[in-house]
Each structure stands twice: as C-alpha cells, then as structure tokens.
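What follows is a short report on a single structure.
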Amino acid sequence: MTRKRGKTGYLLVIPGALYLLAFFALPFYSLIATSLYDPSGSDFRGYEMTYAFGNFVDAITDYWQPLLRSLAYGGVATVLCLVLGYVLAYAIAFKAGRWKILMLVLVIAPFFTSFLVRTLSWKLLLADDGFIVNTLQFLQILGDDGRLLATPVAVIAGLTYNFLPFMVLPLFASLDRVDYRLIEASGDLYANPITTFFKVTWPLSLPGVVSGTLLTFIPAVGDYINAELLGNTNTRMIGNVIQSLFTDANDYPAAAALSVILMTMILALVLVYVRRAGTEELL
Amino acid sequence: MSQVAEPNQQRASEDAAGAGGGSGLRLRALTKEFATFTAVRSLDLEVPSGSFFALLGPSGCGKTTTLRMIAGLESPTSGTIELAGRDITHAKPYQRPVNTVFQSYALFPHLDIAENVAFGLRRRRQKDVDEQVRQMLDLVELSSQSRKKPAQLSGGQQQRVALARALINKPEVLLLDEPLGALDLKLRRAMQIELKRIQTEVGLTFIHVTHDQEEAMTMADTVAVMNGGVIEQMGAPAELYENPRSTFVANFLGQSNLIAGSVVSRSADITTVDMHGIAVSVPANRTHTDSDRGWVGIRPEKVLIGEVGEQLDAPGNTIPGGVVSDVSFVGVSTAYLVRMPWGQELQVFSQNTGRVRIFAVGDAVELSWRPEYAFLLDHAQDASAGAAL
Amino acid sequence: MAVMTPRSGGAGTRLGRWMRERLVLGLGLVVLAYTFVPIAVVVLMSFNKPVSEQSKIYKFSGFTLDNWKNPCADPAMCESLLRSIEIGLLATVVSTILGTLAAFALVRHDFIGRSSSNLLIFMPMAAPEIVLGSSLLAMFVAAGLGGQLGFWTILVAHIMFCLSFVVVTVRARLAGMDDNLEQAAMDLYATPSQTFWRVTFPLVFPGILGAALLSFSLSFDDFIITNLNSGNTTTFPMYVWGVSRRTVPMQINVIGTVMIVLSVTIVLIGELRSRRRRPA
Ligand SMILES: Nc1ncnc2c1ncn2[C@@H]1O[C@H](COP(=O)(O)OP(=O)(O)OP(=O)(O)O)[C@@H](O)[C@H]1O
Ligand SMILES: [Mg+2]
C-alpha cells in the first residue's frame, strides 16, 4: 500500500511520540545520568554529577551473582515456556477445531486475575506440607525434609507459569497462519511427523518463536515478585536488588547503574538473538 | 482501420447519462510512471458508450494501472481522461460516474449483502434505495441472500454481489478487472454469459480486463491487445484474429506460423513475397510493412496439408518439400509439425473431416494456403514476441 | 477366540491411532489445566474460613461465604481496588487514543522520522519493567518531584507502558486490512471522511477494543513500575504485596475470582457475537 505524505502523519504521531519522549526516553537519559552521580550523595543532600564510572564497576563486583542468576532463571523459564507453550499453541492452532476460540480465551483468562494473587496461590500450592510436596515426598522424588518453596525450582516454576501466555499468543498467531495443507503436503512427500515438524512447522513458526521468547525472557529477567514470594535470600534476582537499592537503601546511583547494566545486557542479547534467528519483522 | 468499435446496438439509451455527448470514454496520451518504471506509455484509447470493451495482454503490461487511472485510484503522470466530453483526469474517485468490480471483490465484511449493494446509493443520498437494491439483487439472482454477510457466500455469489454493487449506481463506465479470474471453468462460463446479458440489458459501457483470450473474443465488441504499456492493436475480435498487425498480436492471440521472406513486388491489391525461393502473395490490406523484408504469417488452421503432387483446393501458395515431424491427434482435428526444406517447422491444424488421410511422422507432404488468409508483418519485429505468454 | 483375535487386534490399533491423533491435543489440555491450577486455588480460597483473624497461616481450613458477603472487610483493600480501577480506566482512555492515532500514522502515512518513531514506540516493550520504573523514578527525583510521587506519577507511568501495546495491537489490525476496501468505498462515491467512518473505523474497531482491554489489564495488574513511583499511594497489587508479608485477607481471592469470571464473560460474549455475525 502506498503511504500518504503530508502533515496528517505528523499530527497523528506527534502526541504519542512526544509522550514517549517525555516519559520513556527522557527518563532513560535521566537514569543514565543518575548512574554517574557521586555515590556519596543522598536523597536529602542531593547528588552531584561526577561522571563516576566507578559506579558500574562497583555494581558489577557487588551484584554479579544476582545478575547472572536473573539471566539463568529467565533463560530456563523461557525454554520451559517455549516447550509448554509450543505444545499448547500447536494444539490450539491445528487440533482444537471448533474449540479454538474457547481455548484461546482460556489461555488469556488467568492473565486477568492479579499476577500477585496468582503467585500467592503458588506459594500455597508449593508450601512445605502442601499437596505437591507431599506427593513428591511420597514418590521419593523429594527427600523427607525436602522442600519446594524457597528454592530456585519454585522461582523458575513461578516465572514459567506467569509468563506462559506471553509465549503462547505469538506462537499461536504464527502457527495459525501456517497453511495446514503444507504439513499434509510434507507427509505426502514422505516426511515422517518428526521430520515434518523440524523441516516445515518449526521454520514456519519461527517469527512466533522469536517474539514469544523475547516477550517472555525480557520481563522474566527483570521480575522480582516470584523471587520474593516463592524464593529466599539465595534466589534474589536483579530486580530485587534494584528495587531495594532504590526504596530501602536509597542508593540511587548504584541502583541506576544496575538498571543500565541490565538494560544493556538485554539489548545486546536481543540483538544477537534476533540477528541469529534472522527475523527482522519484529520492529 | 476501425479504431472505434461499433456501439452496441441493443443498448438501452435512457440509462447512460453520457449518451448526450455520445463520445464515451476517451484517453489521450495517458502515461503512468512509477519511479523509474513506465507502466503505461502514452496510451490513446476511445471507447464508445454502450460498448463491451475487452483489454487483453500479458501479466504486468499495465492493464490494471490503466483501469485504476480511469477509476481515479491512481493519478496519471501525464495525459487526459475524458468522459462524455468532460475532463475527469483529476477528479476524485468519488466524483466520477465510474465504478469498479475489483478482482478480489473488496466486499465490505462488516456490512450485509443488501448494505454492500446499497453503499453507493446511500453515499449519494438517493431515494428508494431499498427498492433499487431489491431489483438489483433480483437481477443477479441473490434476493434470498440479502441479509447474509459476504463471508457466508460462495465465490461466485460474492462475485455477483461485487457486480451488483457497482452496477446499481448506473455508472457511465463499469470497469471489471479480471472479475472471473478466481472462478472455476464452469462457473466462469456461466458468469460470462451472465455478464454479457446484464451488459446488453442495462446498456452500460463495460471495460473488461482478462487473461482469457477466449473470454475476450466471445464477449467483447472491441478487443484491445496491450503490451509493455502500449496498445498494440484494437478492433473487432475477428478482425484482430484474422488480420494481426504485429508479431506480438499474431502470437498472443492464438498461434501463427511466421516465415521470413522478401518483398518482390507490390501492386494495388497484392504484395508478392519470395519465401525461401517460393513466391507467395499477400493481399495489400493485410500487408503491414513498408520494408522489403517481412514475416509471412499464416494461422495453422488455414494451412492445408496433402500428399506430394496432390491437387489441393487452395489455388496460389503451394509449398513443396515438407516432411511430417510430429503428429498429435486432438479429436476434432490433428495437429502436425512439418519440417520445411529451409529447416523451419510449421504448425498445421487439419480438420478431421474424413476426406484427407491422417499422415504419419516421416511422410513427405506439400502445404498450401489461400493467399487471402496470409498476412505480412514487419521483419524488424521479433518473430517469437507474445508466444507462450 | 481365534476369530476374536484379529478384531481385538484391530481395536487395539484403532485405539492406538485414536490416542496418537489426540496426543497433541491432550498434552495441550494438560498445559492449559496447569495454568488453571492456581486459579482453582484462588476460587477455593475465596471460600476459606481462616483459623483466626490474625492467623498468618495461609491454607484452606474451612468453608464460609463470609468473604463474599463482606468483600470490604478491610476498607484499605477496597480503596486500593477502586484506585486501581480508576487509574486503569484513565490510562486505558489516554493510551488507546494516543496509540491508535500513532498506529494510523505508522501504517498509513509517510513522514520524516517514521522509522525513529517506530523505534521509540517499540523500545519500551524491549525494556524490563524494573528498568522502565527506575528510569521514571530517576527522572522524577531529578526533577524535584521525589516528594510528590502518587496518583499522577502512577498514571503517567501506566500510560507510557500501555501506549506501545496499543500501537502494536491496532497496527496489526490495520496492516491486515485489505486496502482495496477503502478504494472500493471511494469508487462507490464515499468521500474520504465517509470512507473512514463507514469502512475503516468499523473494521479497525475490534483491534482498538482489544487494545483497550489489554491496556486495562496491564495497568490494573502492574506492580513493579507502580511500586517504584507510587509514593504513599496504594494500588490493588501493592495492597496484595503488602499483606503477603502479614495476614492475607481472603477477600483478595474474592476479587481475583470476580475478575476472572468478568473478563472471561466479556471476552466470550464478544467472541460469540462476532461469531454469530460471521459463522465459519
Ligand atoms: N505501485 C506501483 N509501484 C511500482 N510499480 C508498479 C506499481 N503498480 C504497478 N506497477 C508495475 O507496473 C506494471 C503494470 O502493472 P499492472 O498492475 O497494471 O499490470 P497488469 O497488466 O494488470 O498485470 P496482471 O495481468 O498481472 O494483473 C507492472 O510491471 C508492475 O510491476
Ligand atoms: Mg492486473
């Protein structure tokens, strides 16, 4: 389609763009500035801009553990989401028949109960004398004094659970656009179901895989609700640290430096990932 | 010759608002350039009102672009468009008495059939819309479907809605861009008859773009063959087929044998050509070159095939020394490829009347044709232009 | 028996085929069921009778309708709920309007800075909430607004992160629209404004509605960004966060249950209505 030139385009985009300039771009600039403030300042006395690049060094030496942990938890949760989400999205797209819409609604439905209320439910489910732990202990999968709550398993399970819809929806959108006759054609051309999946279905669903993994990974890495409610001090993620540096310790420069580091790492990972996956249609 | 086609005799004159001007649609030096690419090149065209005009041509030759300029959906780079004597080159689409049947139908998915059909009338605040819609749906035999949504109709039904939606406005010109392209053969034939019936009944000017030559030839009063942004030739279907003026038209419409030759003499009504040592004659009004070299053209079904020495009932051009190199039996006819002494293979379609025997590969044969069926084309043109498109 | 063997063998393979054909669907349903486990807990706990008012133990200990009869036993909860709804509605209205306009600009218009606008609009989606929240906080503090964090700063933040989602949703709908439809309208004597209101808008409307629903749920549910920019104002998620370290009132499960029932009903009704309009 041909795009119209003229001033209407500007009139339409300017309100939204200005809003984001003021409340996204400018704040991000401000975050970078804050990360370079003199760390000895405080909320009350005010901060001084000293281009203290040392803040970044300090942040990394002090908090490399939660940083790496966040990436690891986020990564594992994303892979789990991909596996579970792919099965679900595939079932909805190709196998659900007339129940397609209903299943889709059910995927989004949990999304509408408060994130926190749902996570509290997990806390109950994974509790030490809860049904799940008891069953696992009975099956000897978990030792008698083994527990789930306050372990990395619980945190990753929580992350996987909470971000699953972000994976299913783009995957479904991608798979739904695949012509099922292509899959049948592949079978017709002597491919067994597994070959068909890896040679036809998977490549055709790649755009959905890329956007789904990004939409899951990015919020999962920055999340701290699951780590806080389902984990313990050894499962602290970078979100917990940034949050408490801001609100409890009032150490703005350190918190800002960590935020900038997190953003940079995510951007770098995303760029490498998108380039390797060869999908540019995200933007 | 006849650049202007005969107006349709049966047209109902009270419908076409442009009848007063009587001049129909006229394109002058119409040009459309996209960046560096010229899609339509200085096109001149006159379509008398009330006629069924078909635009034929290979993919990408600029047919859709031409229609879109007439509809006002694309603005020409230069040139003018006149309708009934009025210049509409720069009029907005909604200001022109022209409607389009889109190839993809473009029915409004959120409106039911009746509202789709009523759309144009409502925009122009016409009276008794419901009554007109009812009549129009009767005409296209969709009265029972009026409350359905487009997605609930079959392809053929949707196509008729698209037609009704445009027709109800009684435009001076109705543009149809391959409206039958998506239909299967049977439905396509039925819709062709339907379209022709409706056109005759309402007497509007139809400009019909199609890839299907048979469709163009059977439906249209005038056919124009377009190639590379220009009109190669236009005229009545038989005229175009029998007397093509360029190698492109000769090959694009049906098939032709084109044999190189040099002009020996020209008289008032006959051009004599030396064709690899054989003198053949071509009527002067079928001679389309001034140079002394040319392509002698003859349609395969006009070529007679016979045994060596056999007296063929075609006085004039007899070419000896052929050898059958391929035979395919088609049923009503037999198609031969005959290798001539100069190495070229000529196509021959022979009716299976039972009077001539069917030859086998390797048989020595003689070919002949009546001189009045041959035509002579300019040697500068590519003999394979338009073939296999 | 000998006669039975082949037939039972046939039944066996038939059963095997039946199972194989439904394996994927079955697995999908298992995953779907997994997403509903905590929802079931929410519904169950909304009927829970806590051992005592102050009990810190969060487990099912008895059935009662008290929580449903007294949803506002803790007035602070209902207050936070109303505040969340208010912020959600305002954020939805503003972000839907700004985002829809921008989506039209990006799909339909060409202007200098189009690709940078695109980037600006999609960047917030590539940033984790903690980064978005801390950026805003850093700016508010730098602007000397550190003491005035509250309702307005929360609203500003919510509009910001909803905006990108609105643009993406509406843009997808617009880009998927057959542009022949608008040309057909023009061809049928509709002026540009009639074309917009009679054809374009009705066709894009479902996308706008979807974007608005998404905005509301994102805003209503947000905790991380809100928590950094809220000052002393409490939204519903913040209330839940606060009580999760103390005594959890069972009424939060009542709210959770109502929300899921309401939203599923709305979505299903909308879906059924549009299905009646265009049956497959
Ligand atoms: N918007 C455009 N920008 C650039 N080139 C275009 C545009 N529209 C058409 N063209 C080019 O102009 C030429 C003519 O296009 P047009 O659509 O008129 O062809 P057509 O004769 O209708 O072909 P078909 O039979 O395949 O429909 C083509 O080569 C096409 O690539
Ligand atoms: Mg075309």
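The values are calculated or read from the model by the stated rules, or taken from the named source; none is laboratory data. Since the structure is predicted, the reported quantities are computational estimates derived from the model, not experimental observations. Here the Cβ positions follow ideal geometry from the backbone for every residue, glycine too, while neighbour counts run over all protein chains shown. What goes into the accessible areas is simple: the full protein's heavy atoms, side chains included, and nothing from ligands, DNA or RNA. Shrake-Rupley method; radii C 1.70, N 1.55, O 1.52, S 1.80 Å.
Given the criterion at pLDDT 90 or above, more than 16 Å from ligand 2 (Cβ to nearest atom) and either within 14 Å of chain C (Cβ to nearest Cβ) or within 19 Å of B:Thr205 (Cα to Cα) (or both), identify the matching residue among B:Thr89, B:Thr31. Full working, then the answer.
Numbers: B:Thr31 fails: either within 14 Å of chain C (Cβ to nearest Cβ) or within 19 Å of B:Thr205 (Cα to Cα) (or both).
That would be B:Thr89, the only listed residue that is at pLDDT 90 or above, more than 16 Å from ligand 2 (Cβ to nearest atom) and either within 14 Å of chain C (Cβ to nearest Cβ) or within 19 Å of B:Thr205 (Cα to Cα) (or both).
Would you point out which residue out of B:Phe329, B:Phe359, B:Phe349 is open to solvent by 30 Å² or more (accessible area, probe 1.4 Å), among the aromatic types (Phe, Trp, Tyr) and farther than 29 Å from B:Leu240 by Cβ?
Values: B:Phe359 fails: open to solvent by 30 Å² or more (accessible area, probe 1.4 Å); B:Phe349 fails: farther than 29 Å from B:Leu240 by Cβ.
On inspection, the qualifying residue turns out to be B:Phe329.
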### Query
Does B:Gly156 satisfy the criteria of being within 22 Å of B:Thr218 (Cα to Cα), not in a helix (DSSP H, G or I) and not hydroxyl-bearing (Ser, Thr, Tyr)?
no
### Query
Which condition number does B:Lys196 fail, the rest of (1) touching a strand residue (DSSP E or B) at 6+ places or on another chain (Cβ under 8 Å); (2) away from ligand 2 (no atom under 16 Å from the Cβ); (3) within 14 Å of another protein chain (Cβ to nearest Cβ) being met?
(3)
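Kindly establish whether B:Leu187 is open to solvent by 10 Å² or more (accessible area, probe 1.4 Å), away from ligand 2 (no atom under 16 Å from the Cβ), within 32 Å of the chain's Cα centre (by Cα) and under 19 Å from B:Asp212 (Cα atoms).
On the way: open to solvent by 10 Å² or more (accessible area, probe 1.4 Å): yes; away from ligand 2 (no atom under 16 Å from the Cβ): yes; within 32 Å of the chain's Cα centre (by Cα): yes; under 19 Å from B:Asp212 (Cα atoms): yes.
Judged against the criteria, B:Leu187 is a match.
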### Message
Being under 28 Å from B:Gln95 (Cβ atoms) and assigned to a strand (DSSP E or B) is true for just one of B:Leu163, B:Leu195, B:Leu258, B:Leu174. Which residue is that?
### Response
B:Leu174
### Of the criteria (1) over 23 Å from B:Ala39 (Cβ atoms); (2) modelled with pLDDT of 90 or more; (3) assigned by TED's automatic domain parsing to the domain that holds B:Thr65, which one B:Thr218 fails
(2)
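Is it the case, given these coordinates, that B:Gly181 is in contact (Cβ under 8 Å) with a residue 24 or more places away in the chain and not assigned by TED's automatic domain parsing to the domain that holds B:Leu73? Write out each step before concluding.
Details: in contact (Cβ under 8 Å) with a residue 24 or more places away in the chain: yes; not assigned by TED's automatic domain parsing to the domain that holds B:Leu73: no.
In short, no.
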### Criterion (farther than 23 Å from B:Pro237 by Cβ, assigned by TED's automatic domain parsing to the domain that holds B:Phe206 and either away from ligand 1 (no atom under 16 Å from the Cβ) or among the hydroxyl-bearing types (Ser, Thr, Tyr) (or both)) met by exactly one of B:Ser42, B:Ser59
B:Ser42
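Looking at this structure, is B:Ala335 in a strand (DSSP E or B), modelled with pLDDT of 90 or more and surrounded by fewer than 17 Cβ atoms within 10 Å (Cβ to Cβ)? Talk me through it step by step, then tell me what you get.
On the way: in a strand (DSSP E or B): yes; modelled with pLDDT of 90 or more: yes; surrounded by fewer than 17 Cβ atoms within 10 Å (Cβ to Cβ): yes.
Answer is yes for this residue.
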### Message
Looking for something open to solvent by less than 40 Å² (accessible area, probe 1.4 Å) and in contact with a helix residue (DSSP H, G or I) (Cβ under 8 Å, 6 or more places away or on another chain) - is there at least one such residue anywhere in the range A:131-140?
### Response
no
#### Entry: Residue that is farthest from the other protein chains (Cβ to nearest Cβ) [pool: residues in the range C:11-48 that are part of a helix (DSSP H, G or I) and among the hydroxyl-bearing types (Ser, Thr, Tyr)]
C:Thr13
### Message
For the range B:98-125, give me the residue count where each residue is outside any helix (DSSP H, G or I), open to solvent by less than 30 Å² (accessible area, probe 1.4 Å) and more than 16 Å from ligand 1 (Cβ to nearest atom).
### Response
5
### Message
Let me spell it out: the conditions are (1) more than 14 Å from ligand 1 (Cβ to nearest atom); (2) in contact (Cβ under 8 Å) with a residue 12 or more places away in the chain; (3) more than 10 Å from chain C (Cβ to nearest Cβ), and B:Asp128 meets all of them except one. Which number is the exception?
### Response
(2)
### Task
May I ask you to list pairs of residues, at least six apart or on different chains, whose Cβ atoms are under 7 Å apart, with the first in the range B:24-52 being more than 10 Å from B:Thr80 (Cα to Cα) and outside any strand (DSSP E or B) and the second being β-branched (Val, Ile, Thr) and at pLDDT below 90?
B:Pro48/B:Val4
### Message
As an exercise: evaluate A:Ala249 against (1) open to solvent by 50 Å² or more (accessible area, probe 1.4 Å); (2) at pLDDT 90 or above; (3) under 22 Å from A:Thr50 (Cα atoms) and give the number of the one condition it does not meet.
### Response
(2)
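Looking only at helices (runs of 4 or more DSSP H) that lie completely in the range A:172-267, which have at least 3 residues being under 25 Å from the mean Cα position of the chain (by Cα)?
On the way: elements: A:180-188, A:193-196, A:202-222, A:225-230, A:238-247.
The qualifying helices (runs of 4 or more DSSP H) are A:202-222, A:225-230, A:238-247.
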### Task
Take B:Thr64 and decide whether it is within 16 Å of ligand 1 (Cβ to nearest atom), more than 9 Å from every other protein chain (Cβ to nearest Cβ) and within 29 Å of C:Val204 (Cβ to Cβ).
yes
#### Entry: Flag if B:Arg28 is more than 14 Å from B:Met234 (Cβ to Cβ), within 16 Å of ligand 1 (Cβ to nearest atom) and of a type in the set (Lys, Arg)
no
### Task
Could you list all residues from the range A:63-116 that are within 12 Å of another protein chain (Cβ to nearest Cβ) and among the charged types (D, E, K, R)?
A:Lys95, A:Arg98, A:Lys100
#### Entry: Test: residue in the range A:36-44 that is out of contact with any Cys (no Cβ under 9 Å at 6 or more places or on another chain), of a type in the set (A, V, I, L, M), open to solvent by 50 Å² or more (accessible area, probe 1.4 Å) and within 30 Å of C:Gln148 (Cα to Cα)
no
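Restricting attention to the range B:57-86, report how many residues are under 24 Å from B:Leu121 (Cβ atoms) and either surrounded by fewer than 20 Cβ atoms within 10 Å (Cβ to Cβ) or within 16 Å of ligand 2 (Cβ to nearest atom) (or both). Write out each step before concluding.
Filtering the range B:57-86 down to residues under 24 Å from B:Leu121 (Cβ atoms) leaves B:67-68, B:70-73, B:83-84, B:86.
The next check asks that each one be either surrounded by fewer than 20 Cβ atoms within 10 Å (Cβ to Cβ) or within 16 Å of ligand 2 (Cβ to nearest atom) (or both); those that pass are B:67-68, B:70-71, B:73, B:86.
Going through the range B:57-86 one residue at a time, the tally reaches 6.
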### Query
Residues in the range B:362-389 that are in contact with a Pro (Cβ under 9 Å, 6 or more places away or on another chain), modelled with pLDDT of 90 or more and part of a loop (DSSP other than H, G, I, E, B): how many?
1
### Task
Give the range B:147-177 a look and list any residue that's in contact (Cβ under 8 Å) with a residue 12 or more places away in the chain, open to solvent by 30 Å² or more (accessible area, probe 1.4 Å) and away from every other protein chain (no Cβ under 11 Å), or say none.
B:Arg147, B:Gly155, B:Gln157, B:Gln158, B:Arg160, B:Lys170, B:Glu172
### Task
Could you please let me know if A:Arg276 is over 17 Å from the mean Cα position of the chain (by Cα) and over 25 Å from A:Ser30 (Cβ atoms)?
yes
### Query
Of these, B:Phe359, B:Phe349, which one is among the hydrophobic types (A, V, I, L, M, F, W, C), in the same structural domain as B:Ile259 (by TED's automatic domain parsing) and assigned to a strand (DSSP E or B)?
B:Phe349
### Message
Among the residues that make up the range C:139-148, is at least one of them within 10 Å of chain A (Cβ to nearest Cβ) and either polar (S, T, N, Q) or open to solvent by less than 30 Å² (accessible area, probe 1.4 Å) (or both)?
### Response
yes
### Message
Just to be sure before I move on: is B:Val225 modelled with pLDDT of 90 or more and away from ligand 2 (no atom under 16 Å from the Cβ) in the structure I sent?
### Response
no
